[in-house]
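Before any comments, here is the structure.
The values are calculated or read from the model by the stated rules, or taken from the named source; none is laboratory data. From a predicted model like this one, the values you see are computed outputs, not experimental measurements. Methodologically, a virtual Cβ is constructed for each residue, glycine included, from the backbone with ideal geometry; neighbour enumeration extends over all protein chains shown. With ligands, DNA and RNA removed, areas are computed over all heavy atoms of the protein, side chains included. Shrake-Rupley method; radii C 1.70, N 1.55, O 1.52, S 1.80 Å.
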Amino acid sequence: MASESVESTATADRRSVRGRLGLDGEALRGWATVAPVILLYLFVAVTPIAFAIYASLFEVPLLNPNWTFTGLSNYVEVLTMNSFWSSLWLGALFMVGSTVVQLLVGLWIALVLNQLDRGQRFLTAVAFTAYLVPTVIVVLVALFMFDVEVGVLHIAGSTLGLWGERTFALGDQTWAMPLVVLIGSWKFSIFVTIFTLAQLRAIPDRFYEAAKICGASRWEMFRDITLPRITGVLLIAVLLRAVFMFNKFDIIWMLTEGGPAGATTTLPILAYRTAFLHNDYGVANAMAVVMFVFLAIGAYCYFRAFDPTAEVDT
């Protein structure tokens, strides 16, 4: 009897705690379902960020296991580096240029695919394969096409007078950044297409049929029917592409390694060089933290200005 009394008291206590927390059986099952996802997110995302913030407060020579606490001196050094601000500017150019090109090309491809009556699924699958091609393959093909001896794009550019016959375009300070933007956009424009095409196919055909009866032109149908209904997904796609391209490292490093003469040295490239070539891991982490803060502020301002979630909900 005593054990039953103790057990009933414990059960009552648990129910009391659940009541105070506002949790019933269904809520507990819900938390149990999402808890693994939350823990995985904390491990994959939050932990590296916390470690970067912690490491940014120390002087960390890579070949020396002893860390020396320096406080905020690494941040002061970063914010007073001319190379940091020039890399920030180049990163912004790369981000804006890539996002604009990807938005225009991706939207155009989505509109074309949505208008097809025959072979739509096949051509859509073919278009989407560009996003599946590994970045290293894209880089190798681009380097071959811009090869000074046999590259078809090199020959076309030199014929048009864009660069000299013996000039490697990706090694030219004038052309390096625009070409890196275009090469990256060839692969990542399909990201915008995926978002937009799904929304385009959700627009009822009766809207366009009614507009045709009223004598609306193609431009008027796009302006009054299509564009308002894809604005939300376009705003989200622009935000995601901007963040991804600002953080982009692999394609720039494989194409130019930040050259020539720093013409394509964005912040991720500069942070990598600072850590692994200049042997200053603490300053590199401070750079990464500052970059994260800039992105967070930019994303907040973007949401305040455009509120893409409200566009999608409507």
Odd one out for A202 among (1) within 24 Å of A261 (Cβ to Cβ); (2) not in a helix (DSSP H, G or I): (1)
Are any of the residues in the stretch 49-67 farther than 14 Å from Y281 by Cα and modelled with pLDDT of 75 or more? yes
Here is a list: G282, G232. Which entry is open to solvent by less than 40 Å² (accessible area, probe 1.4 Å), touching a strand residue (DSSP E or B) at 6+ places or on another chain (Cβ under 9 Å) and in a helix (DSSP H, G or I)? G282
Checked pairs for the stretch 277-292, first under 13 Å from A55 (Cα atoms), second charged (D, E, K, R) and open to solvent by 20 Å² or more (accessible area, probe 1.4 Å), C-beta under 7 Å and 6 or more apart or across chains, list as G282/E59; V283/E77
For the stretch 139-157, enumerate the residues that are touching a residue at least 40 places away in the same chain (Cβ under 8 Å) and either surrounded by fewer than 18 Cβ atoms within 10 Å (Cβ to Cβ) or in contact with a Phe, Trp or Tyr (Cβ under 7 Å, 6 or more places away or on another chain) (or both). L143
Taking first residues from the stretch 80-92 that are surrounded by 12 or more Cβ atoms within 10 Å (Cβ to Cβ) and second residues anywhere that are aromatic (F, W, Y) and not in a helix (DSSP H, G or I), the pairs with Cβ under 8 Å that are 6 or more apart or on different chains are none
Might you check whether a residue that is among the acidic types (D, E) and either part of a helix (DSSP H, G or I) or crowded, with 16+ Cβ neighbours inside 10 Å (or both) occurs anywhere in the stretch 254-261? no
Only residues that are closer than 16 Å to Y272 by Cα and out of contact with any Leu (no Cβ under 9 Å at 6 or more places or on another chain): list them for the stretch 60-76, please. V60, P61, L62, L63
Of the conditions (1) over 25 Å from L93 (Cβ atoms); (2) open to solvent by less than 70 Å² (accessible area, probe 1.4 Å), the single one that D205 does not satisfy is (2)
Say whether the condition of being open to solvent by less than 30 Å² (accessible area, probe 1.4 Å) and small (G, A, S) is met by at least one residue in the stretch 166-173. yes
Condition test on R223, is it among the basic types (K, R), touching a residue at least 12 places away in the same chain (Cβ under 8 Å), open to solvent by 50 Å² or more (accessible area, probe 1.4 Å) and more than 30 Å from I137 (Cα to Cα)? no
Inspect all residues belonging to the stretch 238-253 and state whether any of them is surrounded by fewer than 16 Cβ atoms within 10 Å (Cβ to Cβ) and under 24 Å from G171 (Cα atoms). yes
Those residues of the stretch 235-253 which are part of a helix (DSSP H, G or I) and either of a type in the set (F, W, Y) or more than 18 Å from V139 (Cα to Cα) (or both), in sequence order: L235, I236, A237, V238, L239, L240, R241, A242, V243, F244, F246, W253
Residue satisfying all of: in the stretch 182-201; among the aliphatic types (A, V, I, L, M) and within 17 Å of the chain's Cα centre (by Cα); surrounded by the most Cβ atoms within 10 Å (Cβ to Cβ) among these: V192
Taking the criterion of being open to solvent by less than 40 Å² (accessible area, probe 1.4 Å), outside any helix (DSSP H, G or I), touching a helix residue (DSSP H, G or I) at 6+ places or on another chain (Cβ under 6 Å) and not hydroxyl-bearing (S, T, Y), would at least one residue in the stretch 112-135 satisfy it? no
